[in-house]
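Read-outs throughout are calculated quantities, based only on the coordinates presented, and are distinct from any laboratory measurement. The structure presented is a predicted model; accordingly, all values stated were derived computationally and were not measured. Glycine gets a Cβ as well: all are built from the backbone with ideal geometry, and neighbour counts include every protein chain shown.
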Amino acid sequence: MIRRRAIVHGLVQGVGFRFSCQAQAERLGLGGFAVNRDDGTVEVVVEGDTVAVDRMLAWLNDGPRAAQVTRVDVTVEEPQGEGGFDTF
């Protein structure tokens with residue numbers, strides 16, 4: 001199990017990014033959350049097996065159709081035992 005924190009930059013608020021992120025994470029069986037930040041980015045934390053987390057991080061580079069992702073900054077964290085995926 002691994003955990004990654006991603007900050008997604010670009011046109012990512014007001015386009016359904018968090019809810020699409022939640023649907024994708026649930027399809028992949030990941031725990032974590034997505035939250036809008038005051039600076040216009042979306043913060044996403046995902047936790048699960050390596051293959052699923054890597055797929056999620058790849059998805060974040062595109063996001064939903066209306067999003068325009070310009071950059072994704074990823075940091076490594078220690079797993080916390082996240083269960084389920086929430087949006088805030």
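Odds and ends about this structure:
- Summed over the range 1-32, the residues that are in contact (Cβ under 8 Å) with a residue 24 or more places away in the chain, surrounded by fewer than 15 Cβ atoms within 10 Å (Cβ to Cβ) and either polar (S, T, N, Q) or not in a strand (DSSP E or B) (or both) give a count of 3.
- Just so you know, in the range 42-72 the residues that are aliphatic (A, V, I, L, M) and in a loop (DSSP other than H, G, I, E, B) include one that is nearest to residue 6 (Cα to Cα), and it is 67.
- Screening the candidates 35, 42, 46, 69 for the property of being in contact (Cβ under 8 Å) with a residue 60 or more places away in the chain, touching a helix residue (DSSP H, G or I) at 6+ places or on another chain (Cβ under 9 Å), of a type in the set (A, V, I, L, M, F, W, C) and surrounded by 13 or more Cβ atoms within 10 Å (Cβ to Cβ) yields one hit, 69.
- Within the option set 39, 86, being of a type in the set (Asp, Glu) and not in a strand (DSSP E or B) holds for one residue only, 39.
- Enumeration of residues in the range 42-88 that are within 16 Å of residue 30 (Cα to Cα) and among the polar types (S, T, N, Q): 50, 80, 87
- Of everything listed in (1) charged (D, E, K, R); (2) under 13 Å from the mean Cα position of the chain (by Cα); (3) surrounded by 12 or more Cβ atoms within 10 Å (Cβ to Cβ), the single unmet condition for residue 82 is (2).
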